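Q: Below: one structure in structure tokens.
Read-outs throughout are calculated quantities, based only on the coordinates presented, and are distinct from any laboratory measurement. Since this is a predicted model, take the numbers as computed values, not measurements. Note: ideal-geometry Cβ built from the backbone for every residue, glycine included; neighbour counts use all protein chains shown.
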């Protein structure tokens, strides 16, 4: 009964839920900007290309934690989409899988940055290779963002 009520609610507000999901996941662009310019490029070139003052880094950390409700919303959206349309189920399973991988890695990098920022020390020791895997996993959100944007545009055309 409770699940059916939720499904009915979700069905009634599907377009709004799509936009909320897209908005939450799209905030991760800011996180990916920080990750690329301040972590990846710094490791590759030895200097940061992060153009935002370091004093604003906590905002980027908060945005990264918004990934939690974004992932929940995205997982619900794609699960609902699989249930609703069998013709696009394979594609939706792919995006659901990409979001599932995000859930596994969500705290790998950010926790270390938080500890260093707040406590000037790191309680978390992440192996170097695992850190690069976690960074690469973060970029798996880009296809999900593109798919959600495509779905919004497609719905507007109808």
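Q: If R0 is 22 Å, what FRET efficiency do you get for residue 26 and residue 131 from their C-beta distance, rounded to 0.05?
A: Between residue 26 and residue 131 the formula returns 0.35.
Q: Here's a follow-up. Which length gain, in nm to one decimal place, applies between residue 41 and residue 56 when the Cα-Cα distance is subtracted from 0.36 nm times their residue separation?
A: Full-extension gain reported as 3.5 nm.
Q: Something else about it: Against the longest principal axis of the chain, how steep is helix 110-119, in degrees 0 to 90 to the nearest 10, with axes from Cα atoms?
A: 40 degrees
Q: Given R₀ = 22 Å, FRET efficiency for residue 142-residue 6 by Cβ-Cβ distance, to 0.05?
A: Efficiency, from the Cβ-Cβ distance: 0.15.
Q: So what's the angle, to the nearest 10 degrees on a 0 to 90 scale, between helix 141-157 and the longest Cα principal axis of the chain?
A: Here the helix axis deviates by roughly 40 degrees.
Q: With mean projected area of the Cα convex hull in nm² as the read-out, I listed (1) 9.0; (2) 11.5; (3) 10.1; which label goes with the value calculated from this structure?
A: Comparing each candidate, only (2) matches the computed number.
Q: Here's a follow-up. Pull out the extension gain between residue 66 and residue 33, defined as 0.36 nm times the separation in residues minus the alpha carbon to alpha carbon distance; nm, one decimal.
A: Working it through step by step, the gained length comes to 10.4 nm.
Q: Output the relative contact order of the range 2-157, whole-number percent, from Cα pairs under 8 angstrom with separation of 6+ residues.
A: That works out to 26 percent.
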